[in-house]
Amino acid sequence: MKIREYLAARLGFVVAHLLAGALCIAVIQLDLLSTGGLGLTRGSSTYIALLHLAMLVPALAADYSKQNRFYTRMREIAQAPDPLDHVPLLPGAKTAEQRIAGEFAHSAYSHYTSEMLTRDERSQFHIDFTNRWAHAMKTPVSVIDLLVQQSRETESQEMCALFESIQEENERIAHGLDMMLGMARQERFSVDLFPERVDLAELAREVINKHKKEFIRYSIYPRIEVTAGNACVETDRKWIAFVIDQLLSNAIKYTRVAPSDDNKRLLIRIEDKIKAEADAGTSASVDAVMLTVEDWGVGIPEHDLPRIFDPFFTGENGRLAPESTGMGLFLANRISRELGHSLTVRSERGRGTAMTITFASRVITSGIAVK
């Protein structure tokens, strides 16, 4: 609290006090004149005024010292990004008005914390329910898949086509459930985090095998190319598998609608960032690995590229694949950042897309952002 602000707040009090002193001098002067005296001399009047000021200034200084610490702290709290969280740090009240202001602030803080706890409980209940529901739905999805596989061995060619269609839709349901679980779990990312050494080549093969039915169905030919000297990085295996799975699902989705069968190829490339930048004609000494999921499908229109990581954005290509939700790339980008990695895109309409995860360091837990 600045002295100028304090004096401005106490201006009425100061003026009233000085006016009272002037009136006292006037009364004494009139009393002396009315009794036949000579009245106050200029020196006596000045002396009375100085005595009055000598009492006023210490009183103001004492009051300012009481008010300054409290209101200075209140101003700092008000300017903080989350002011209500700092209310418990308010100093003790020394005046009645400070006590009222403090009670108001603490009442607002209590209401705020109560609302936050209630909201957190509701949010956690919703997350737990979503997790349980998604896990429960995975059982009938697996049963349907098993029944379809058994039925195709005994039915006619026409029925096999029908069961193939049922299986395709069933796989979409399974993919949607996986995305729902990923969305729910990332809200409590730090609780579900386990950094470890992960072999990216091995993990890429696992994710490709998970989608082998789709590759066969759409006649897409996947390939893994490893040029990195060491394809092992420190990350969370489950989360990075989820990210790669989302990138691969997108690549399949937009490769299957490619106009030419020659474009139905898919490549997972694992390389050192040093080598990649040296190939581009620049020098670098960055200890990093890049995993790129590249396809030669329909590509992404240039005007859609700035928004592909926005939630629920499907863009122009969303019309080609109506099952698109716009959440896959959003989740992949968010999880990558929280793991300390980066996700970038390079795409040209009609010529395909390359999504690259850059693992900035092989040092354990380096760059991991835990909420």
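The values are calculated or read from the model by the stated rules, or taken from the named source; none is laboratory data. The shown structure was predicted, so the numbers you read here are calculated from the model rather than taken from an experiment. Every residue, glycine among them, receives a Cβ derived from its backbone with ideal geometry; neighbour counts consider all protein chains shown.
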Practice task
Give me the pairs, please: first residue somewhere in region 262-283 and modelled with pLDDT of 90 or more, second residue anywhere and part of a helix (DSSP H, G or I) and surrounded by fewer than 19 Cβ atoms within 10 Å (Cβ to Cβ), beta-carbon distance under 8 Å, and either six or more positions apart or on two chains.
Solution key: 268/208; 270/201
Handout entry: Residues being touching a residue at least 60 places away in the same chain (Cβ under 8 Å), more than 14 Å from residue 176 (Cβ to Cβ) and hydrophobic (A, V, I, L, M, F, W, C) - total across region 301-329
Key = 2
Practice task
Considering only residues that are among the β-branched types (Val, Ile, Thr) and touching a residue at least 24 places away in the same chain (Cβ under 8 Å), look in region 137-151 and name the one that is farthest from residue 178 (Cα to Cα).
Solution key: 144
Handout entry: Subset tally (residues that are farther than 12 Å from residue 246 by Cα, touching an Asp or Glu at 6+ places or on another chain (Cβ under 8 Å) and not small (Gly, Ala, Ser)) for region 314-347
Key = 3
Handout entry: Pairs with Cβ under 9 Å, 6+ apart, first in region 17-39 and more than 30 Å from residue 60 (Cα to Cα), second at pLDDT 75 or above
Key = 39/28; 39/30
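Mind telling me which of the residues 233, 243, 257 ends up being outside any helix (DSSP H, G or I) and under 23 Å from residue 308 (Cα atoms)? Working first, answer last.
Details: 233 fails: under 23 Å from residue 308 (Cα atoms); 243 fails: outside any helix (DSSP H, G or I).
Exactly one residue qualifies, and that residue is 257.
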Practice task
Taking residue 90 as the residue in question, decide whether it is surrounded by fewer than 14 Cβ atoms within 10 Å (Cβ to Cβ) and at negative phi.
Solution key: no
Handout entry: Any hit, region 323-343, residues being in contact with a Phe, Trp or Tyr (Cβ under 9 Å, 6 or more places away or on another chain), at pLDDT 85 or above, among the acidic types (Asp, Glu) and buried (at least 17 other Cβ atoms within 10 Å of the Cβ)
Key = yes
